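Q: Quick one: the structure is below, and I'll ask about it shortly.
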Amino acid sequence: RKDGVRKLALTSPTRRCGVTTLAANLALSMARQIDMKVMVFDLNLRKPNLVNQFALNATAPRSCALSGQRRGFDSTCMRVGHNLALSLTTSGDPDPAELLGTTRARALIEQIEREFAPDLILYDLPAVLPQDDVVAASDLYDAALLVARADQSTSDEIDRAERLVAEQKPCLGVIMNG
């Protein structure tokens, strides 16, 4: 909080590094603080999986807040207690980078911010090296964390991913999984 980071992107150099698991665990941990409201967006529109991390039933809102079908906070977002809200999706988008970079996407997220008033927003984003979604979404976040996998990510991949992220916004560091 003291560094002014309220919107945090979580990404990785390549797929299957554990970003979604980290996003879910970080959201749950932070939301346990009495004075911390946390909002999580599943913006991995290529392979959304956050809904599975929370093992939600079929009654949970499952259309992406950016899909254009938003009628209100509760139509695309789910409150989990007083301090946690989730914006989930189960289906991908044919061109997620284009969707994430639109003025409309920013406006919808700003509207959700006004309605829920989170202290921290976490964006679960896809891997940075294979596609440009993280770059396209850079107007949405203040800083990013990279998640690498010890038995999969090479130092070259981590370095390249860190440079790509840092060209857009500050990279706060690398979390090593596995």
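Q: Filter region 1-19 down to the residues that are modelled with pLDDT under 95 and among the β-branched types (Val, Ile, Thr) and list them by number.
A: VAL5
Q: Next up: From (1) in a helix (DSSP H, G or I); (2) more than 17 Å from LEU8 (Cβ to Cβ); (3) open to solvent by less than 50 Å² (accessible area, probe 1.4 Å), pick out the condition that doesn't hold for ASP159.
A: Going through (1) in a helix (DSSP H, G or I); (2) more than 17 Å from LEU8 (Cβ to Cβ); (3) open to solvent by less than 50 Å² (accessible area, probe 1.4 Å) one by one, ASP159 breaks only (3).
Q: Another question, then. Pairs only if they're at least six apart or on different chains, beta carbon under 7 angstrom, first in region 122-146 and over 9 Å from GLY101 (Cβ atoms) and free of Cβ contacts under 8 Å to residues at least 60 places away in the same chain, second surrounded by fewer than 24 Cβ atoms within 10 Å (Cβ to Cβ) and acidic (Asp, Glu); list them, first residue then second.
A: Final answer for the pair search is none.
Q: Within the bounds of region 165-172, is there any residue that is charged (D, E, K, R) and open to solvent by less than 70 Å² (accessible area, probe 1.4 Å)?
A: yes
For (1) at pLDDT 85 or above; (2) crowded, with 20+ Cβ neighbours inside 10 Å; (3) in a loop (DSSP other than H, G, I, E, B), each residue gets a yes or a no:
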{"residue": "THR90", "(1), (2), (3)": "no, no, yes"}
{"residue": "ALA97", "(1), (2), (3)": "yes, no, no"}
{"residue": "ARG106", "(1), (2), (3)": "no, no, no"}
{"residue": "GLN111", "(1), (2), (3)": "no, no, no"}
{"residue": "ARG114", "(1), (2), (3)": "yes, no, no"}
{"residue": "LEU122", "(1), (2), (3)": "yes, yes, no"}
{"residue": "ALA127", "(1), (2), (3)": "yes, yes, yes"}
{"residue": "VAL134", "(1), (2), (3)": "yes, yes, no"}
{"residue": "ASP139", "(1), (2), (3)": "yes, no, no"}
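Q: Across region 1-45, what is the total count of residues that are within 18 Å of GLN152 (Cβ to Cβ) and open to solvent by 50 Å² or more (accessible area, probe 1.4 Å)?
A: 3
Q: Which residue is modelled with the lowest pLDDT, if the candidates are limited to region 46-87 and must be surrounded by fewer than 18 Cβ atoms within 10 Å (Cβ to Cβ) and of a type in the set (Ser, Thr, Tyr)?
A: THR59
Q: Which pairs have Cβ atoms under 7 Å, sit 6 or more apart or on different chains, and link a residue in region 101-119 that is of a type in the set (D, E, K, R) to one that is part of a helix (DSSP H, G or I) and open to solvent by less than 60 Å² (accessible area, probe 1.4 Å)?
A: Close Cβ pairs (under 7 Å, with a partner that is part of a helix (DSSP H, G or I) and open to solvent by less than 60 Å² (accessible area, probe 1.4 Å)) amount to ARG106/LEU140; GLU115/PHE73.
The values are calculated or read from the model by the stated rules, or taken from the named source; none is laboratory data. Source: prediction; values computed, not measured. Reconstructed Cβ throughout: ideal geometry from the backbone, glycine too, with neighbour counts over all protein chains shown. These area figures cover heavy atoms from the full protein model, side chains too; ligands, DNA and RNA do not enter into them. Shrake-Rupley method; radii C 1.70, N 1.55, O 1.52, S 1.80 Å.
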